[in-house]
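To keep things clear, I will list the structure first and then write my remarks on it.
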Amino acid sequence: MIRTNSNIASRVNTLDWPWITSCLHESGWARTGEVLTLDECQQLRTLYANDSLFRSRVVMARHRFGLGEYKYFAHPLPDPVTDLRESLYAHLAAVANEWTVKLGGNSEYPGTHRAFINLCHTAGQTRSTPLMLRYEAGGYNCLHQDLYGAVYFPLQTVFMLDRPEQDFAGGEFVLVEQRPRAQSSAQVIAPRQGEGVIFTTRWRPVQGTRGNYRVNIRHGVSTVTRGVRHTLGIVYHDAELAAEHIHL
């Protein structure tokens, strides 16, 4: 387990949040810039081999999710994962509430992640969802959404832990937006090592001629053509016991 007195939360707090927020409203995703240091990326990658830190391992091919594997961290989460989850959520909750209001709902996301997790646990969603993903050459992840129960946060974040074009090639992050009565559009993103991509979990509001409407978004990973690719996934909601392999 990584024990750290790092300033990850301070780094998150000093990101360009007005720009990130604008990108999220405009397109449903945003790059954070580099948040994790080289040493932190290396330390997180080494955790993947320690099965005692994880509650579950999923081999994608067994479920026709793609080719690769991922592991869900067990509680207690490593310190850097908790720091990222809590500090990012604090800035994203306002976006989540604004999206909910635009689509006719009520603001329902509290200001702190711990308060939000209490809502998840009250709803029976108690299993941790932050995860690490690993792809070797030929690996990929089919388009999907990460929903683990009725309570979910509309944004999530993935951090690149390897060096694109040095440790691996290919393996771009892919977002596909499905608008009603229109063809789907795709975004292909290649984050740098230590950089995060914040993106829509399920839907985002888009302004139309008659008000806001929901746009559905799925995400995946293109084929890794060389090397090994590791990422850290920060999902802000916890999971139901029966929602281990939901891949919508």
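The values are calculated or read from the model by the stated rules, or taken from the named source; none is laboratory data. What you see is a predicted model, and the numbers here were worked out from it, not measured in a lab. So basically every Cβ, Gly included, is an ideal-geometry build from the backbone, and we count neighbours across all protein chains shown. Protein only, heavy atoms only, side chains kept; ligands, DNA and RNA dropped before computing areas. Shrake-Rupley method; radii C 1.70, N 1.55, O 1.52, S 1.80 Å.
A few notes on this one:
- Residue list for region 39-54, filter: open to solvent by 70 Å² or more (accessible area, probe 1.4 Å) and of a type in the set (D, E, K, R): ASP39, ASP51
- The residues on offer are VAL197, VAL174, and the sole one that is among the aliphatic types (A, V, I, L, M) and open to solvent by less than 20 Å² (accessible area, probe 1.4 Å) is VAL197.
Condition check ((1) at negative phi; (2) in contact with a helix residue (DSSP H, G or I) (Cβ under 9 Å, 6 or more places away or on another chain)) across all residues:
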{"site": "GLU98", "(1), (2)": "yes, yes"}
{"site": "LEU103", "(1), (2)": "yes, no"}
{"site": "PRO110", "(1), (2)": "yes, yes"}
{"site": "HIS113", "(1), (2)": "yes, yes"}
{"site": "GLY124", "(1), (2)": "no, no"}
{"site": "ALA150", "(1), (2)": "yes, no"}
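- Residue check, VAL188 among the hydrophobic types (A, V, I, L, M, F, W, C), open to solvent by 70 Å² or more (accessible area, probe 1.4 Å) and in contact with a strand residue (DSSP E or B) (Cβ under 9 Å, 6 or more places away or on another chain): yes
- ARG57 in a strand (DSSP E or B), out of contact with any Ser or Thr (no Cβ under 8 Å at 6 or more places or on another chain), surrounded by fewer than 18 Cβ atoms within 10 Å (Cβ to Cβ) and basic (Lys, Arg): yes
- Taken together, the criteria place ALA242 among residues that are in a loop (DSSP other than H, G, I, E, B), open to solvent by 10 Å² or more (accessible area, probe 1.4 Å) and under 26 Å from HIS63 (Cβ atoms).
- Scanning region 224-243 finds one or more residues that are hydrophobic (A, V, I, L, M, F, W, C) and without any contact (Cβ under 8 Å) to a residue 40 or more places away in the chain.
- Within region 23-38, restricting attention to residues that are small (Gly, Ala, Ser) and over 13 Å from the mean Cα position of the chain (by Cα), the residue that is surrounded by the most Cβ atoms within 10 Å (Cβ to Cβ) is SER27.
- Filtered by the rule that a residue be in a strand (DSSP E or B), in contact (Cβ under 8 Å) with a residue 60 or more places away in the chain and within 13 Å of the chain's Cα centre (by Cα), region 135-191 gives HIS144, LEU155, GLN156, THR157, VAL158, PHE159, MET160, LEU175.
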